[in-house]
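A short reminder: the numbers here are calculations on the coordinates, not readings from a lab. Owing to the predicted nature of the structure, the values given are computational and were not obtained by experimental measurement. Note that we place each Cβ from the backbone using ideal geometry, even for glycine, and neighbour counts take in every protein chain shown.
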Amino acid sequence: MDDLLPDLCDEFEGTVTWVPIQWQDYGGKHIFSGKVETLRCYEDNSMVRELVASPGEGRILVIDGHGNLNRALLGDLLAEKAVKNGWNGVVVYGAVRDAAALSGMPLGVKALGVCPIKTEKKGKGEIGASLRIGGILIESGNYLYADKNGVVVSEIPLKAVSSL
C-alpha cells in the first residue's frame with residue numbers, strides 16, 4: 001500500500017488530524033508510523049542526539065525547530081543512531097542535512113528542507129513539549145502516520161499500524 005494516508009483519513013475521519021505542511025521526504029522509508037516523542041529546539045540538536053541514542057521502540061521523533069532552515073537538526077550520524085536504536089522515523093519542522101545518505105537509510109525522515117550547516121551544541125531543548133506545528137497540536141504519546149501524502153496524527157493507535 002503506497003498511499004496509506006488517504007485510506008486512513010477516509011476510514012478514521014474525525015479521529016486523525018492532517019498536519020498541513022508540505023513536507024519533503026529524505027529517509028529511505030516513505031511510509032512509516034509510530035508513537036510520538038516530541039522535542040522543541042532551536043539551532044541546537046543536543047537533545048536530538050540524546051533522544052536517538054535512547055531506545056526508540058518504533059517511535060517517531062517529532063522535532064519543532066521553529067521552521068528554521070539555517071541549521072540542520074538531523075544528519076547522517078544521528079540518523080544512523082536512530083536506526084540502530086529502533087526509531088521508526090523523524091519529522092523535523094526545520095532542516096536536515098546529508099540528504100543523499102539519509103535516502104539510503106531504513107528510517108522515515110520528513111523535513112521542511114535541507115541545510116549543510118551543523119547546529120551549535122549548547123544542550124538546549126525541551127523533550128516532551130506540547131508542539132503546535134501548522135496550527136496542529138502534537139504531543140508525546142500521540143500516534144503519527146506518514147507517507148508521500150504528508151503527515152497525520154491521532155490520539156489513539158489505528159488498526160492500520162499493524163499492516164505497515
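Among the residues of segment 97-115, how many are out of contact with any strand residue (DSSP E or B) (no Cβ under 7 Å at 6 or more places or on another chain) and either touching a residue at least 40 places away in the same chain (Cβ under 8 Å) or assigned to a strand (DSSP E or B) (or both)? Reasoning before the result, please.
Going residue by residue through segment 97-115, those that are out of contact with any strand residue (DSSP E or B) (no Cβ under 7 Å at 6 or more places or on another chain) are 98, 100-101, 103-105.
Okay, now just the ones that are also either touching a residue at least 40 places away in the same chain (Cβ under 8 Å) or assigned to a strand (DSSP E or B) (or both), so 103-105.
Looking only at that region, the number is 3.
Counting residues that are among the hydroxyl-bearing types (Ser, Thr, Tyr), which strands (runs of 3 or more DSSP E) fully inside segment 3-90 reach at least 1?
On the way: elements: 16-18, 32-40, 60-64, 72-74.
Result: 16-18, 32-40.
Please enumerate the residues belonging to segment 19-31 that are hydrophobic (A, V, I, L, M, F, W, C) and out of contact with any helix residue (DSSP H, G or I) (no Cβ under 9 Å at 6 or more places or on another chain).
Passing the criteria: VAL19, ILE21, TRP23.
Report, ordered by the first and then the second residue, all pairs with beta carbons closer than 6 Å, sequence separation of six or more or different chains, a first member in segment 125-139 that is in contact (Cβ under 8 Å) with a residue 40 or more places away in the chain, and a second member that is part of a loop (DSSP other than H, G, I, E, B) and among the small types (Gly, Ala, Ser).
Between residues of segment 125-139 that are in contact (Cβ under 8 Å) with a residue 40 or more places away in the chain and residues that are part of a loop (DSSP other than H, G, I, E, B) and among the small types (Gly, Ala, Ser), the close pairs are GLY128/SER140; GLU139/SER130.
Those residues that are touching a Ser or Thr at 6+ places or on another chain (Cβ under 7 Å) and either crowded, with 24+ Cβ neighbours inside 10 Å or of a type in the set (Ser, Thr, Tyr) (or both), I need them from segment 44-58; list them, please.
Selection gives ASN45 alone.
Name the single residue that is surrounded by the fewest Cβ atoms within 10 Å (Cβ to Cβ) among those in segment 81-122 being among the polar types (S, T, N, Q) and within 19 Å of PRO55 (Cα to Cα).
In this case the residue turns out to be ASN85.
Answer yes if at least one residue in segment 66-80 is farther than 15 Å from LYS118 by Cβ, surrounded by fewer than 24 Cβ atoms within 10 Å (Cβ to Cβ) and not charged (D, E, K, R), and no otherwise.
yes
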